[in-house]
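Notes to accompany the following structure.
Read the figures in this text as sums done on the coordinates, not as results from a lab. Please read all numbers here as calculations on a predicted model, not as lab measurements. Here Cβ is always computed from backbone atoms with ideal geometry, including for glycine, and neighbour counts include all displayed protein chains.
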Amino acid sequence: MQSFLGIVAVGHINEAIDEGNPLKTVEGLQLPTAKIENVDPNEAQHYQDVLYHAKSQKLKDPESASKNLWLDEIQDAVCQANTDRDRAKQWVTLVIDVNQCLEKEETSDILSVLKSNVCNTNDVIPECADKYYNALAKAKKQKSGNVSAEGPWLKLTLQEKYDYYYNIDSKESSWVTPESYLHKESWLMGKEIEAFWKGHKQRMSYLRRKQMFIDHIPSIVKIQSWFRMTTTRRNYLSRLQYFRDHKNEIVKIQSLLRASKARDDYKTLVGSENPPLSVIRKFVHLLDQSDLDFQEELEVAQLRGEVVTKIRGNQQLEKDLNLMDIKIGLLVKNRITLEDVISHRTKLNKKKGGEIQVLNNTDNQGIKSLSKERRKTLETYQQLFYLLQTNPSYLAKLIFQMPQNKSTKFMDTVIFTLYNYASNQREEYLLLKLFKTALEEEVKSKVDQVQDIVTGNPTVIKMVVSFNRGARGQNTLRQLLAPVVREIIDDKSLVINTNPVEVYKAWVNQLETQTGEASNLPYDVTEEQALTYPEVKSKLDASNESLRSVTDKVLNSIISSLDLLPYGLRYIAKVLKNSIHEKFPDATEDELLKIVGNLLYYRYMNPAIVAPDGFDIIDMTAGGQINPDQRRNLGTVAKVLQHAASNKLFEGENEHLASTNNYLSDTYQKFRKYFKEACDVPEPEEKFNMDKYTDVVTVSKPVIYISIEEIISTHSLLLEHQDAIAPDKNDLLNELLESLGEVPTVESFLGEGAVDPNDPNKANTLNQLAKTEISLSLTSKYDLGDGEGLDGQSLMIKTKKLIMDVIRNQPGSTLTEILETPATTQQEVDHDTDMVSRAKKDSKTPEEMKDNQSMVKDAQLPLEQKKRKIQRNLRTLEQMGHVSSKNKYQDILNEIAKDIRNQRIHRKLRKAELAKLQQTLKALNKKAAFYEDQINYYDTYIKTCLDNLKIKNSRRSIKMDGKGELKGAKRAKPVKYTAAKLHEKGVLLGIDDLQTNQFKNVTFDIISTEDVGIFDVKSKFLGVDMEKVQLNIQDLLEMQYEGIAVMKMFDKVKVNVNLLIYLLNKKFYGK
């Protein structure tokens, strides 16, 4: 019951607190059931404030279970309020007593007043009573002087939230602001009074302590020293232990700091326009060639040789295999004999087996395999090919001096060989410079209107496409097209036929097959008639829909793979666009981009889409082939893309495809953006980081792999067109050609004794030796020699080499300071040590990678002599305008910094080149393996033919001689015809300068020779022998294969090729 009443009382008190009624709150506190002690009704307002604050705090507490104050909490609040009351009364007493004492000037009473009103009487010092009074009096006087009007009220703030007011006249107190409140401004308040006597106490304590320190200075110094020593030792040991515990982390931090400093220095080297000498000195060691550099260079050179040899071998195998395809096809048609096919098979097997290995072995011997007396000639050839390789204007002019068919062969053999099929960055850079120079020359001299590039067959464009479809560009085409082409071929349900007549015929055949009865529909119809049938239109619509879908896939594959497009092809597209625009400034952007599209899509990609098996886009097994439906699907897609790339709509005979014209226009816009972006490439100098000093910075000399036959052929062509290529008599090319003299024969090139003069097969042996490949280390004719003839470039390179040797061993902030400061004995010793170490390393360097003798001699000079030579060279270079003493020769330091940057890039590119060469060689080996499979397949086919021939009793027997070769049958009798008779048969079409009525006076004797397929044709006029020509049945068959219908004999007799073949077959082969 008691506890219940207590809870009721708590409820009344909390309600009163919430209402904010002080009187009701006091009444609740005084309830007997509440049992709250020491409740003073006069403090009702303060009780209300304290209780309200306590409850507010409880409401803010999220962990509080109840939001009401309980009895113990209420009691605590009442006690706090009573304490505040007592403190307020004590404060009032202190303020009144002190201020009244000061006003009455009762000096002796100040000490008793202070002691009676402070908590700790020891804080008040009796000896300071006068000082207390004087200080308080002075403060009161100062405060009173600023007061004009004041009231009787004093104010005290407790706990920074409760204000207590006291009236000194009426002795009235309040916890709320009185209505007529006016503060007693002239009196000192409690905090001010305490501050004076407490501050004085602190000052006295400070003075006593200070005096004690003064009296014991030696002891204090000793203590401080001991303490500092102990603290320092403890900190040191602690720090040392910390370092030991974190040794790995510290090493990492130090490494990071050093790396950061090195990065900052390298950024200065790379980014600064004028890097300081101190930074260059830190990185000059990067120009040294390590064992790894030599090893990688040798590996690159070896791989490059293997790649070039493999490319040439594969190209020859491919040509022979294509010829074998033709021959077997002709054999199937009974157009040539089996002996011809077997003869070509024997040649193929030789190339598949040992012959290529012989070439490789010969190539590995290089120049050493040649006679000693021809060494000087070879060195001149090395200088000649270096000049041709690095100066593109010679070859660019030579290409256009030759007939197009001859220039194409020259391009496929000599030019690509000269640049090693662009197997490294340097050679790709130089080949692109040749393409650029030649293309600009061709556009300038041979293009009369914009469309000539599209409608004609420009030589350089053909060269560029041929190169980029070769060994280096083949992988790109595979990556670009193989997935989508393979998808089209593998889709067995895909049938794209947009020819209305063919669709109509297929529909009729399907109807007849399904019904088993002949349809009443006509079989031969025109396109317009075929389109009148709804079924045909329906099938065409389905084909067109499939065509757009598949074309989109191919287009997306092309457009999304812009980065895969070879840089060289994109750069030539850029050159072509700029050259055409320069010659035809009125040409629109669309016209220029169509020309770019003709190169990038029509010439480069389109044939690979139409015949992916012919361009190694997809892998085909030996004997495998693409069926007609697959070929038609690919051809139709290629045709649509071709029209889209040139923005050419379907019209005229392609009117049935007009429904796709809107699609063509949309596709052209995508192509247009693609062609524009394709031309956005940097210049080769920036792409490959090449300049005029590149060949000097690289470790090894450039090497090419070329056959003796190609060397002789190039020499012959240069002499033949010398006046057009180098009209200036002082041209270096003329000087080299004069040194070489006449074009050598193969025998004279190799030297006496290379071939046995009594060898009955001497001609064949020489022909075989002419194909021998040798390696030429290309060098410049004027390669950094001594004397007055040095050009600025050579002198700059020599001077840089000397400066690098000097700055390694002698410090200094500028180059002039180093050159003007004499070297110390220790610096000379250090320099000699470095040079001895370099000489040891050079002795292990391969011959083709060594510096020339001039630089070797310079390296052996003492430090001071090197400095004097540098000064002489710098003066010469300044006269040439290459450097300036005004900026302390900063120009040559900038060149050294550039060499350091290029060397780093060169090493990076060399590693990339190694990986690329390995990848290329792997692909070439894979391709060679495919060709070998093809050869094996042909072998099996021919053996089957031989077996069948042995079984059958053929009219023309075939026998094997002792060497395993086939022998022909007995020669057929000669055949004689008059020209009139041949004209009647249609074989002879006409004879120049001879009327038809005179044909009866002309006779032709056709005689079969001992060689199978070879015929002698003798002409007679009125019985008098005139001329004789030789016909090769295989040449005639190849003409027929290539679609050549008419040929000339004796340079004046026109004959029909097809009917001539028929006549020879009928008369000599019984076919």
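Some notes on this structure:
- Computed FRET value (nearest 0.05) for Lys60 with Asp86, which takes r as the C-beta separation and R₀ as 25 Å: 0.30
- Approximate spin-label separation Ser748-Asp448, in nm, with each point projected 7 Å along Cα-to-Cβ: 4.4
- Using a cut-off of 18 Å between Cα atoms, the listed pairs Lys537/Lys648; Lys436/Lys673; Lys282/Lys841; Lys282/Lys800; Lys574/Lys676 include Lys537/Lys648; Lys436/Lys673; Lys282/Lys841 as exceeding that distance.
- Estimated inter-spin distance, Asp666 and Lys171, nm [label 7 Å along Cα→Cβ]: 10.6
- Violating pairs (Cα-Cα greater than 19 angstrom) within the set Lys840/Lys869; Lys104/Lys143; Lys397/Lys729; Lys55/Lys161; Lys553/Lys916; Lys701/Lys922: Lys840/Lys869; Lys553/Lys916; Lys701/Lys922
- With 0.36 nm allotted per residue and the present C-alpha distance subtracted, the Asp1035-Gln879 stretch has 49.5 nm of extension available.
- C-alpha center-to-center spacing [segment 865-944, segment 384-401] in angstrom: 20
- Were the residues from Asp586 through Glu502 laid out at 0.36 nm apart, the gain over their Cα-Cα distance would be 25.8 nm.
- At full extension, Lys841 and Arg209 could sit 219.6 nm farther apart than now, given 0.36 nm per residue minus the alpha carbon distance.
- If you plug the beta carbon distance of Glu15 and Thr93 into 1/(1 + (r/R0)^6) with R0 = 30 Å, you get a FRET efficiency near 0.20.
- Think of segment 1-188 as a dipole: +1 on every Lys or Arg Cβ, -1 on every Asp or Glu Cβ, centred on the Cα centre; then among Trp175, Pro152, Tyr162, Pro152 lies furthest on the positive end.
- Mean separation of Cα pairs under 8 Å and 6 or more residues apart, divided by the residue count, gives segment 434-593 a relative contact order of 38 percent.
- Note on Ser272/Ser219: beta-carbon distance plugged into 1/(1 + (r/R0)^6) with R0 of 56 Å gives a FRET efficiency of 0.35.
- Mean separation of Cα contacts under 8 Å (6+ apart) over length of segment 1-188, as relative contact order %: 15
- Cα-only Debye scattering, segment 447-697: base-10 log of I(q)/I(0) at q = 0.13, 0.18 Å⁻¹: -0.90, -1.40
- Spin-label model, Asn1065 to Asp1016: label points 7 Å out along the Cα-to-beta-carbon direction sit 2.7 nm apart.
- Highest to lowest packing among 532-541, 11-20, 146-155, scored as the average C-beta count within 10 Å: 11-20, 532-541, 146-155
- Rule-of-thumb Rg ratio for segment 975-1069 [Cα; 2.2 N^0.38 Å; N residues]: 1.02
- Using a cutoff of 8 angstrom between alpha carbon atoms and counting only pairs six or more residues apart, the relative contact order for segment 447-697 works out to 27 percent.
- For segment 552-632: rounded, prolate or oblate by the Cα gyration tensor [a/c cutoff 1.5]: prolate
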